[in-house]
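Here's the structure we're looking at; comments come further down.
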């Protein structure tokens, strides 16, 4: 990097310096320090995937000392040895503006964490710390807890994903988090959660009154661990977001946890994507939804839920006035499942505002039923139906629906098989559309003839935007 590159790339009032994957040499790094003196507005620096091992530690110290106003430092997957990390930490020591530090996969060990903890103890501003992807042994976790976390009054978010944490280390961590009143978000994703670990999570949920988000994705809890977490959820009163994606839970295991979710009074977002949940999970999820009065967003994408499972979920939604977003993308609901979805949307009252049923092989008949139901629906604002084999019969139903429905704003129909005929029919509906603002028709089967019909429709109704990339066209409203 040349001496003037920073000024050329970022301007005199740049706020972010992105050195992602730059091959930084010592002389270039020294020149960069001189340039930093001219840029007092830098608040965000990215050194992801940079090799800092060849930079003299005193140069690194000087560099980070010059970043007097920096608030965000990211060094994800940066190559650091003990000497270079010491240089970085010496430069950050005492920084009272730093609010986010990302050290994901930087080969931290117990010795390094001791130095890191001592450095962070001098900062009274840090809000987010990411130590994921490092092998943190129990001693390292203890140092972090005693030197920094217990004393911090500003730490809001802690990410320690994929660190292979030991039960004793998790016990130490959960114990000290109870003393950190500022912490609201905790991610333990991609750590194997055995019963010895889960008992600590249960205790944390029962005692940690400020925790609002907990990420347990990729932790593969078994039935016993799920039961413990469920009990913790049942006793918790503050948690708002629970992420459980990629755990491959069986319905029986999930059932142990779902009971606790249903009892929770403040839980708003639950994510259960990519868990292998099948039709037997539907009634369990439905019962959880019926019992809950707080859940607003439910993510079930990439599971094996079929029509029977969808029936159970929809029955639960009928008793829950709070759910506003439901994601069923990449399941197996098929035409029969779409009929249950349509019945729910047609029913009164319906409170759902966003629905994704893409990639479910619902076929034309299922798609038409959903469109017909929407003519009576007054709540749904966003609907995704891509990759479902929908063609021109469905397009005719779409045309009639967008003429009648006044609340639907966004409709995604990408990756279907709508031909020129279908595009022309939808275009006719666009001309008289009352509520819809955006229709995504990317990657369908129409040609330029169909695209031209859509262009003319948009010109006639400038409120509507049509997205199509088939011929690199992006047709947008003129208003």
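The values are calculated or read from the model by the stated rules, or taken from the named source; none is laboratory data. Just so it is clear, the model here is predicted, and its values are computed rather than measured. In this analysis, Cβ positions are derived from the backbone assuming ideal geometry, glycine residues included, and neighbour counts consider all displayed protein chains.
Taking the conditions exactly as written (crowded, with 19+ Cβ neighbours inside 10 Å, under 23 Å from the mean Cα position of the chain (by Cα) and at pLDDT below 90), does residue 126 satisfy them or not? So residue 126 does not fit the description; no. For region 200-228, a residue qualifies if it is over 21 Å from the mean Cα position of the chain (by Cα), crowded, with 20+ Cβ neighbours inside 10 Å and over 20 Å from residue 157 (Cβ atoms), and the qualifying residues are 202, 225, 226, 227, 228. Being in a loop (DSSP other than H, G, I, E, B), surrounded by 21 or more Cβ atoms within 10 Å (Cβ to Cβ) and modelled with pLDDT under 95 is the requirement here; does residue 266 meet it? So residue 266 fails the test. Evaluate the following for residue 338: is it assigned to a helix (DSSP H, G or I) and surrounded by fewer than 17 Cβ atoms within 10 Å (Cβ to Cβ)? No; evaluated as a whole, the condition is false for this residue.
For region 230-253, which positions are assigned to a helix (DSSP H, G or I), closer than 20 Å to residue 280 by Cβ and modelled with pLDDT of 90 or more? Residue satisfying the conditions is 230 alone.
Of all the numbered requirements in (1) at pLDDT 95 or above; (2) buried (at least 23 other Cβ atoms within 10 Å of the Cβ); (3) farther than 26 Å from residue 341 by Cα, residue 371 misses one, and that requirement is (3). Listed conditions (1) surrounded by fewer than 19 Cβ atoms within 10 Å (Cβ to Cβ); (2) modelled with pLDDT of 90 or more; (3) in contact with a helix residue (DSSP H, G or I) (Cβ under 7 Å, 6 or more places away or on another chain) are all met by residue 146, apart from (3).
When the test is whether a residue is closer than 18 Å to residue 208 by Cα and without any contact (Cβ under 8 Å) to a residue 60 or more places away in the chain, residue 248 does not pass it. Based on what the data block shows, is residue 254 surrounded by fewer than 17 Cβ atoms within 10 Å (Cβ to Cβ) and touching a residue at least 24 places away in the same chain (Cβ under 8 Å)? The answer is no for residue 254. Looking across region 344-361, the residues that are surrounded by fewer than 17 Cβ atoms within 10 Å (Cβ to Cβ) and either closer than 14 Å to residue 304 by Cα or touching a helix residue (DSSP H, G or I) at 6+ places or on another chain (Cβ under 7 Å) (or both) come down to 346, 347, 361.
Under the condition of being within 21 Å of residue 245 (Cα to Cα), part of a loop (DSSP other than H, G, I, E, B) and out of contact with any helix residue (DSSP H, G or I) (no Cβ under 7 Å at 6 or more places or on another chain), the residues counted in region 303-325 number 3. Residue 297 meets each of the listed conditions (1) buried (at least 19 other Cβ atoms within 10 Å of the Cβ); (2) in contact with a strand residue (DSSP E or B) (Cβ under 9 Å, 6 or more places away or on another chain) apart from (1).
When the criteria are applied in full, residue 42 fails the requirement of being in contact with a strand residue (DSSP E or B) (Cβ under 9 Å, 6 or more places away or on another chain), surrounded by fewer than 20 Cβ atoms within 10 Å (Cβ to Cβ) and assigned to a loop (DSSP other than H, G, I, E, B). Each residue in region 407-440 was checked for being under 16 Å from residue 382 (Cβ atoms) and crowded, with 21+ Cβ neighbours inside 10 Å, and 6 pass.
The combined condition, being closer than 15 Å to residue 141 by Cα, surrounded by 17 or more Cβ atoms within 10 Å (Cβ to Cβ) and without any contact (Cβ under 8 Å) to a residue 40 or more places away in the chain, is fulfilled by residue 112.
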